[in-house]
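See structure below.
The values are calculated or read from the model by the stated rules, or taken from the named source; none is laboratory data. Fair warning: this is a prediction, and the values are worked out from it, not measured in the lab. Backbone-built Cβ (ideal geometry, glycine too); neighbour counts: all protein chains shown.
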Amino acid sequence: MAMTIEQIASNLGVSITTVKLVHNGKADKYRISAKTQKRVHDFIDKHGIVVNQTARNLKLKKTNTLGLIVPRITNRFFRL
């Protein structure tokens, strides 16, 4: 089973917000120390943690997907 942000924070002894800020690249803006950033990044890399894009899209309520409606897909003008 995948590790949650809460579990990562608990293992590292930092807050959930700290893990989120470091993972989203906003740690410097919120003055999170380089040492803490390195600990979080190392933990994430060591355990092969990746963002579940489907869960993220559901939470954000957007997918950044573009749909196209064309009259005739067989027309050379509309081919991709």
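Give the residues of region 47-74 that are among the β-branched types (Val, Ile, Thr), within 22 Å of residue 6 (Cα to Cα) and either surrounded by 11 or more Cβ atoms within 10 Å (Cβ to Cβ) or touching a residue at least 60 places away in the same chain (Cβ under 8 Å) (or both), sorted by residue number.
Within region 47-74, the first condition is being among the β-branched types (Val, Ile, Thr), and the residues that meet it are 49-51, 54, 63, 65, 69-70, 73-74.
Next, from what is left, pick out any that are within 22 Å of residue 6 (Cα to Cα): 49-51, 54.
Once the filter is applied, which keeps residues that are among the β-branched types (Val, Ile, Thr), within 22 Å of residue 6 (Cα to Cα) and either surrounded by 11 or more Cβ atoms within 10 Å (Cβ to Cβ) or touching a residue at least 60 places away in the same chain (Cβ under 8 Å) (or both), region 47-74 yields only 49.
Taking the criterion of being within 16 Å of the chain's Cα centre (by Cα) and in a helix (DSSP H, G or I), would at least one residue in region 25-35 satisfy it? Give the derivation first.
First, pick out the residues of region 25-35 that are within 16 Å of the chain's Cα centre (by Cα): 25-27.
Checking the rest, the ones that are also in a helix (DSSP H, G or I) come to none.
Looking for residues that are within 16 Å of the chain's Cα centre (by Cα) and in a helix (DSSP H, G or I), one finds none in region 25-35, hence no.
Of the residues that sit in region 8-46 and are in contact with a helix residue (DSSP H, G or I) (Cβ under 8 Å, 6 or more places away or on another chain) and among the polar types (S, T, N, Q), which one is surrounded by the most Cβ atoms within 10 Å (Cβ to Cβ)?
Ranking the qualifying residues of region 8-46, first place goes to 18.
When you scan region 28-62, how many residues do you find that are hydrophobic (A, V, I, L, M, F, W, C) and closer than 14 Å to residue 8 by Cβ?
Of the residues in that region, 6 qualify.
Output the number of the condition that residue 58 fails; it satisfies all remaining conditions of (1) part of a helix (DSSP H, G or I); (2) modelled with pLDDT of 95 or more.
(2)
Restricting attention to region 5-24, and to residues there that are more than 12 Å from the chain's Cα centre (by Cα) and either in contact (Cβ under 8 Å) with a residue 12 or more places away in the chain or assigned to a loop (DSSP other than H, G, I, E, B) (or both), which single residue is nearest to residue 50 (Cα to Cα)?
Our first condition is that a residue be more than 12 Å from the chain's Cα centre (by Cα); within region 5-24, this holds for 6-18.
Remaining after also requiring either in contact (Cβ under 8 Å) with a residue 12 or more places away in the chain or assigned to a loop (DSSP other than H, G, I, E, B) (or both): 8, 11-15, 18.
Numbers: 8: 12, 11: 17, 12: 17, 13: 20, 14: 19, 15: 19, 18: 17 Å.
In this case the residue turns out to be 8.
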